[in-house]
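Here's the structure we're looking at; comments come further down.
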Amino acid sequence: MSHATVYNWIKRYVEIVNRYVKNIRIRSDRWHADETIVKVTGDHIVLWSLLVSETRFLIAMHVSRSKGERDAKELLKKGVECTESKPTEIVTDGLALYNKATKEEFNGEKLVHIQSSLRERMLRKYKNFKYD
């Protein structure tokens with residue numbers, strides 16, 4: 001099998017998935033927001049992600065060179081545009097700028113901001129791990 005055959009199959013698969021995904025309407029009361037810094041050709045880039053809690057479906061993504069409140073607000077704004085709704089809960093890693101961003105983006109509407117600590121995240125990740 002040649003690389004061209006694999007590439008053509010991938011292109012066809014992506015077209016099918018895109019048609020399916022465009023028709024999905026996401027409704028979720030709980031979102032997870034997180035950011036990751038990656039190094040691209042020597043520069044640090046921040047990838048912001050917003051996910052549906054139940055399905056881990058990617059609602060929105062934002063790419064920036066900075067890690068600021070404006071970027072967090074942009075991510076939340078994209079999430080609202082995509083879902084055409086607002087969540088009642090947002091789960092984050094405790095980064096303080098999410099507090100400011102959620103207050104400004106949701107205009108003080110009632111919203112539960114859950115800050116997941118590293119210890120809690122590790123316990124969930126390794127919940128079946130037995131300690132001696």
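Which of the residues spanning the stretch 54-68 are under 19 Å from L111 (Cα atoms) and surrounded by fewer than 17 Cβ atoms within 10 Å (Cβ to Cβ)?
Residue satisfying the conditions is E54 alone.
Name every residue in the stretch 31-53 that is of a type in the set (S, T, N, Q) and surrounded by 12 or more Cβ atoms within 10 Å (Cβ to Cβ), in order of residue number.
S49, S53
Specify the residue that is most open to solvent (accessible area, probe 1.4 Å); the eligible residues are those in the stretch 88-132 that are at pLDDT below 70 and of a type in the set (S, T, N, Q).
So the residue we want is N128.
So which of K73, K78 ends up being modelled with pLDDT of 90 or more, assigned to a helix (DSSP H, G or I), open to solvent by less than 70 Å² (accessible area, probe 1.4 Å) and touching an Asp or Glu at 6+ places or on another chain (Cβ under 8 Å)? It would help to see each step written out before you state the result.
Details: K78 fails: touching an Asp or Glu at 6+ places or on another chain (Cβ under 8 Å).
Only one candidate qualifies: K73.
Pull up the stretch 13-56, narrow it to residues that are in contact with a helix residue (DSSP H, G or I) (Cβ under 9 Å, 6 or more places away or on another chain), assigned to a strand (DSSP E or B) and of a type outside the set (A, V, I, L, M, F, W, C), then point me to the one that is modelled with the lowest pLDDT.
E35
For the stretch 81-96, what are the residues that are at positive phi and either in contact with a Lys or Arg (Cβ under 8 Å, 6 or more places away or on another chain) or not in a loop (DSSP other than H, G, I, E, B) (or both)?
Within the stretch 81-96, E84 is the sole residue that qualifies.
The values are calculated or read from the model by the stated rules, or taken from the named source; none is laboratory data. Note that the structure is a prediction, hence the values are computed from the model and not measured. Positions of Cβ are backbone-derived with ideal geometry, glycine not excepted, and every protein chain shown enters the neighbour counts. Ligands, DNA and RNA are excluded from the accessible area calculation, which covers all protein heavy atoms including side chains. Shrake-Rupley method; radii C 1.70, N 1.55, O 1.52, S 1.80 Å.
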